[in-house]
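A.B. asks: Pasting in a structure now, in C-alpha cells, and then I'll have a few things to ask.
Values quoted throughout were computed directly from the atomic coordinates according to the rules given, and no laboratory measurement underlies them. From a predicted model like this one, the values you see are computed outputs, not experimental measurements. In this analysis, Cβ positions are derived from the backbone assuming ideal geometry, glycine residues included, and neighbour counts consider all displayed protein chains.
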Amino acid sequence: MPSLNKILLFLSSALATAISVLVLGFSMSIQWVETTMDCTSSGSSFSNGSAVVTLSLFDGTMTRIHCPFFGGQDDFEVFPQLAGIGGTPLVLHGLVVCVLVLCLLFSACSILISLYNSVSNPYETYMGPIGVYVCSSLSASFSVVVLLIFAVNVNNV
C-alpha cells in the first residue's frame with residue numbers, strides 16, 4: 001500500500017496536469033486571431049468598406065461590411081486557404097498543429113505516469129517524479145514554442 005504522502009503528491013500532479021490539458025484544449029477550440037482589412041477597388045486607394053477575418057486553428061470566417069459588390073459572411077478552412085497562398089504560412093501553421101499534438105501527448109504521458117505512481121507499491125515508481133517533471137516541462141516548453149510560431153505566422157501572412 002503506497003503512503004498517503006505519495007498518493008497525494010502524484011494525484012495532485014495528475015489533477016494539475018489535467019487542468020492544464022483542459023485549458024490547452026479550450027484554447028485550441030476558440031478563435032486565435034482577428035484582423036480587419038480595408039476593401040478597396042482595384043487601382044484606387046479609396047476604401048469602400050472593411051472585412052473582419054477571424055481565424056481559429058482549422059477554420060476561419062470573413063465578414064464583409066460595406067464592401068463593393070458583395071457583403072455577408074464567408075466561412076473557410078484554414079489549410080486550403082494557406083495552400084492557395086503557398087510557402088511559409090502553410091508550413092508554419094502545420095507545425096503549430098503538430099507541436100500542439102505533442103503538447104497533448106506529453107501531458108497525457110504525465111497524467112498516466114502520475115496516476116500509475118499514485119497506486120503503485122510504496123518503494124516502486126515508474127519513472128518517478130523525474131518522469132512527471134520531464135513530460136510536464138516538455139509540454140509547457142512546446143506550448144511556448146507554439147505561441148511563438150503562431151505569432152510569427154500571423155505576422156508573416
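A.B. asks: Calculate, in nm to one decimal, what LEU15 and THR88 gain on full extension: separation in residues at 0.36 nm each, minus their alpha carbon distance.
C.D. replies: 22.5 nm is the gain from fully extending LEU15 to THR88.
A.B. asks: Name the residue from THR35, GLY25, ILE113 whose Cα lies farthest towards the positive end of the charge dipole of the chain, charges +1 on Cβ of Lys and Arg and -1 on Cβ of Asp and Glu.
C.D. replies: ILE113
A.B. asks: What's the angle, to the nearest 10 degrees (0 to 90), between helix 88-119's Cα axis and the longest principal axis of the chain?
C.D. replies: Computed tilt is about 20 degrees.
A.B. asks: Further question: Give, in nm to one decimal, the length gained when the segment between ALA151 and VAL101 is fully stretched (0.36 nm per residue of separation minus the Cα-Cα distance).
C.D. replies: 16.2 nm is the gain from fully extending ALA151 to VAL101.
A.B. asks: What is the angle, in °, between the Cα long axis of helix 4-29 and the longest principal axis of the Cα atoms in the chain? Nearest 10 is fine, range 0 to 90.
C.D. replies: 10
A.B. asks: Moving on to the next point. Which FRET efficiency, nearest 0.05, do VAL52 and TYR116 yield, Cβ-Cβ r, R0 41 Å?
C.D. replies: Computed FRET efficiency for VAL52 and TYR116: 0.30.
A.B. asks: Output the 0 to 90 degree angle, nearest 10, between the alpha-carbon long axis of helix 128-156 and the longest principal axis computed from the alpha carbons of the chain.
C.D. replies: Value to nearest ten degrees: 10.
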